[in-house]
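Take a look at the structure set out below.
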């Protein structure tokens, strides 16, 4: 019987129930800006953190820990003690960290403090602390100002253990308390005291020592480390026999300048006296000041003007002769890559770059020329056996340590290392060094080809070859980012071959082959971006959900043309999660950061928010001629890292907005390298190519800036704008003199004149410019360029258009004063576009999604392509807003002309129909369908109009019971081929690639970093619940046939692995309106945003209904739940119902989660199956239901099927 239900439409406020971004601060955490800029300084008042700013000395692991509060620690490396300062006035005392007002200033390389407190009267203390550069020492200068009362300065020091912390005391890994002056640290610290100087002995038998000099007149003595309640209490305490620190006090005089120094003496160090400290301080300050001035930036944005000093200091801190380190603090180790060494050439340290490259050249394997492919069986095939002589560790591989230390390591750092080497050649044009390094390049390219393009198709596998690769495993597939690296490498080798006396042709041919392969196999023309990778095996699926690295590496390696670059960046605009950066005190633009992917489930390095990744993406925006978007993202990242985060002027690895790890590390090498590149090559657009004798400068300054300057050792750049002209003053000082090519955005539509050093010169419009019109000026080599562009005309036109178009609608736009000369429609979204002077008309095709069309504009002297980026929607869309025990709520959004039609709910025997009218380009009132009229699970909602048009969606609601429904449990016993508990208890050995690759471990879960992870799947609760009746019933009254016999198979498994069939079919008869399924299996991040499998119901007439199993929408892993926060982590779907195997409980989330160490913190004890459902056509006779595994690596399992028969 067909029922007609008429419900009054009411407009109601519906809370958001999807996992999209929520209003308010991220994760509900209010924040305030931590530091603010004052000139070149970072300043905070009354901050709360200690040991949050590292101060570095002379390119060693030694450092001083300072922070918001004036308490200091040394790291040797290893705990080098804590120095606390206080004040005593009569019977009152306090630590300086407790003072009423503390202004902390990070002046890159030093911390300064201005301290006032009632105990100081109307006076204050000025304090500066630094690490020295000629020895491993901390020096503090204290200047009293206006102090008229008798105030004593108190100092305490101790707690030296020499023991390292887990990540060397870095933020996010080791707690602040690691650096406290703890009693336990003071055990067996032995002091030799002589008035105001001391030697502290520590370590085994006191074999190690530190030396200190405190202010003159301060008589030091030992004290009890457990008596630190106040300076007075500590001063009056007595040390124990085994645990002590030293302390002392001295009267402050208003004319005093006091010094305090503690050092780790070198073996050849001479004695140090107090009288030397002023000179030591001045020398350290001079060195610090010169180093901080290496990079100087001046712009209208105060938050950027501090960058030069902070970057100079941080870039120096990761240099430790003869190589760059992976981090200044955490991960302070030698690696031939990642991106830290990029800092050398933009900041003019070409000597360091050459030393770095030369040192690692000695660690390139030269023999054997090849070897066998040997997966590491101890690590379950996840990665290759680390043994010299295997193919991965044969001629061409560059080892992790420099200077001929030949040892295998599990990363392919060759790609980044060689890319940095090529960049060095572009900066220097050093032909002698090119000839010296040519054999290294030659061996590298042969090694890459031999290992990672074994099928010769021009696409290269990626063997952990970028920073964010700790869980990337492509199983021999063709990968965009590694192929892009190899494209640039072969292009550069072809350019260098003549210098080395070699034939360029093989490298030109390989570069062309790679470019063609990427274009044909990885570029997605209908979508407009590069796929992440293409499978080698199985169905050879193309994985469309690209990570940030896919886009920025392709652009950085110059793989795409200008149109493809723009489209690829639009993929980031629309598909990669944007996380708002918000803090009290931050005003201006809508700042945001990007997650690296939208993949699920989380595991380390797969979906993070990382500073270097955001900076590299900002560089891609600059390279793609989108300077405004570049600057917004770039500033967002620097604001978070340098001002809002814990450490001032910091280059963090991860920011606060990384949902899993939180803020992590200081002065990490990758963001330092990318900050260097983005500042020089991006914001200021300085791109030397000494190999081609050309210095290209393409400034990426915000349009609102009227001035900006940059000074680095290689070049001085100054820009000024007034209402009629732009002036560029450029003073290059590269070792290789180059011609200048200046490319600037056209400020106006015509040019009155261009002069260089007072002489008129020619210029041209770059007709292929995409996004904004560009002007190019080419000038021969000169020592100094003063370029003046005098503009005339008006600002170039911007076409206005809608952000959304309905399929079938008309797109009609005007260029205003600009003529529309041509249309380029790479994604084929327009039908019969017609241009007429300044107008474009076309019909919009049903190519749904985010699309881009380009129109060539001509206005005055300018000719350029303007992108039109819009979303194509169906004319009508049904948007679910809530589903709960009261029913379902939705609206109907109309993108076209007014419509009048009928809502149809659940076509079939329980159908509901109701009329609905929606005005043109409006949204209907919220429609509420009460629970009694709905079906448990998926409810099909349709809107039909004009007799031939319809829109539909499915709304999932498990809060509705099934009353009065006739169910039939389908017997699957004949097709059962496995036990759910054994899913990860077997070996998946074939098919697997024959090439060296990273791949899923043999147990069917994990990654190459965590190859031995072994979840225990335990269905005991489910079996017990099924019992002898072999049945369970949901709270919704849906029965499922589940075997209770533990000796019986309870799964129909399918997989691309040979362990199971690729598909399994169960015969059906009769008719049904719905099917309910219990399913379980595996998936992983490499199969995310991808159809993993399908359930197909075939009817006797040959037609088929299909339930697509897609990670993460409805295909969830058995061992864990997805983490969902509506920002970086979303599924874009309602959470499915889960059946928890160990308990038999049913729900949409686990009551508690366990941890698979290093792999997941959302693990489910015993695992969980997923309950899915699919509406069926009750008017057709059933033939079969089948399960199909489509993606590699996964197992798709069916446990039970129940049909609705009435």
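The values are calculated or read from the model by the stated rules, or taken from the named source; none is laboratory data. Computed from a predicted structure; not experimentally measured. Cβ coordinates were reconstructed from backbone atoms using ideal geometry, including for glycine residues, and neighbour counts include every protein chain displayed.
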* Going by the conditions given, is residue 787 touching a residue at least 40 places away in the same chain (Cβ under 8 Å) and surrounded by 18 or more Cβ atoms within 10 Å (Cβ to Cβ)? -> yes
* Answer yes or no as to whether residue 345 is surrounded by 19 or more Cβ atoms within 10 Å (Cβ to Cβ) and touching a helix residue (DSSP H, G or I) at 6+ places or on another chain (Cβ under 6 Å). => yes
* To do: Give the residue that is surrounded by the most Cβ atoms within 10 Å (Cβ to Cβ), with candidates limited to residues of region 462-489 that are within 16 Å of residue 416 (Cβ to Cβ) and touching a strand residue (DSSP E or B) at 6+ places or on another chain (Cβ under 7 Å).
  => 480
* Can you name the number of the only condition in (1) out of contact with any helix residue (DSSP H, G or I) (no Cβ under 8 Å at 6 or more places or on another chain); (2) surrounded by 21 or more Cβ atoms within 10 Å (Cβ to Cβ) that residue 1184 fails? -> (2)
* Residues located in region 711-763, provided they are in contact (Cβ under 8 Å) with a residue 60 or more places away in the chain, crowded, with 20+ Cβ neighbours inside 10 Å and within 18 Å of residue 426 (Cβ to Cβ) -> 712, 714
* Residues within region 690-704 that are surrounded by fewer than 16 Cβ atoms within 10 Å (Cβ to Cβ) and in a loop (DSSP other than H, G, I, E, B), tallied -> 3
* Is it the case that residue 172 is crowded, with 19+ Cβ neighbours inside 10 Å and over 27 Å from residue 36 (Cα atoms)? -> no
* Here are some residues: 255, 242. Which one is surrounded by fewer than 17 Cβ atoms within 10 Å (Cβ to Cβ), more than 30 Å from residue 61 (Cβ to Cβ) and at pLDDT below 95? -> 255
* Structure fact -> Wholly inside region 799-867, strands (runs of 3 or more DSSP E) that include 2 or more residues that are over 23 Å from residue 568 (Cα atoms) are 810-814, 819-824, 830-836, 839-844, 849-859
* To do: Just need a number here: residues in region 324-334 that are surrounded by fewer than 24 Cβ atoms within 10 Å (Cβ to Cβ) and farther than 17 Å from residue 650 by Cβ.
  => 2
* Among the numbered conditions (1) surrounded by fewer than 24 Cβ atoms within 10 Å (Cβ to Cβ); (2) in contact (Cβ under 8 Å) with a residue 60 or more places away in the chain; (3) closer than 17 Å to residue 1090 by Cα; (4) touching a helix residue (DSSP H, G or I) at 6+ places or on another chain (Cβ under 8 Å), tell me where residue 492 comes up short. => (3)
* Structure fact -> Over region 190-239, the set of residues part of a strand (DSSP E or B), surrounded by fewer than 21 Cβ atoms within 10 Å (Cβ to Cβ) and in contact (Cβ under 8 Å) with a residue 60 or more places away in the chain is 197, 211
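In region 1129-1206, which strands (runs of 3 or more DSSP E) lie fully inside it and hold 1 or more residues that are under 26 Å from residue 541 (Cβ atoms), touching a residue at least 60 places away in the same chain (Cβ under 8 Å) and within 36 Å of the chain's Cα centre (by Cα)?
Filter on region 1129-1206 gives 1160-1163, 1168-1175, 1182-1189, 1195-1204.
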* Is it the case that region 150-158 has a residue that's out of contact with any helix residue (DSSP H, G or I) (no Cβ under 9 Å at 6 or more places or on another chain), farther than 25 Å from residue 244 by Cα, assigned by TED's automatic domain parsing to the domain that holds residue 82 and buried (at least 19 other Cβ atoms within 10 Å of the Cβ)? -> no
* Structure fact -> Flagged in region 495-518 as surrounded by fewer than 16 Cβ atoms within 10 Å (Cβ to Cβ) and in a helix (DSSP H, G or I), in numbering order, are 505, 506, 509, 512, 516
* Structure fact -> The strands (runs of 3 or more DSSP E) lying wholly within region 47-112 that contain at least 1 residues that are closer than 17 Å to residue 125 by Cα and free of Cβ contacts under 8 Å to residues at least 60 places away in the same chain are 71-75, 101-107
* Asked: Which members of region 598-632 meet the condition of being part of a helix (DSSP H, G or I) and either surrounded by fewer than 24 Cβ atoms within 10 Å (Cβ to Cβ) or more than 13 Å from the chain's Cα centre (by Cα) (or both)?
  -> 619, 620, 621, 622, 623, 627, 628, 629, 630, 631, 632
* To do: Could you look through region 439-460, keep only residues that are outside any helix (DSSP H, G or I) and without any contact (Cβ under 8 Å) to a residue 40 or more places away in the chain, and pick out the one that is farthest from residue 395 (Cα to Cα)?
  => 456
* Structure fact -> Scanning region 1116-1165 residue by residue, those touching a helix residue (DSSP H, G or I) at 6+ places or on another chain (Cβ under 6 Å), within 23 Å of residue 1075 (Cβ to Cβ) and surrounded by fewer than 21 Cβ atoms within 10 Å (Cβ to Cβ) turn out to be 1144
* Determine if region 935-942 includes at least one residue that is more than 43 Å from the chain's Cα centre (by Cα) and farther than 14 Å from residue 889 by Cα. => no
* **Selection count where residues are outside any strand (DSSP E or B), touching a strand residue (DSSP E or B) at 6+ places or on another chain (Cβ under 8 Å) and farther than 26 Å from residue 808 by Cβ, scope region 877-914** => 5
* Structure fact -> Within region 953-965, the residues that are over 16 Å from residue 881 (Cβ atoms) and either touching a strand residue (DSSP E or B) at 6+ places or on another chain (Cβ under 7 Å) or surrounded by 17 or more Cβ atoms within 10 Å (Cβ to Cβ) (or both) are 958, 960, 962, 965
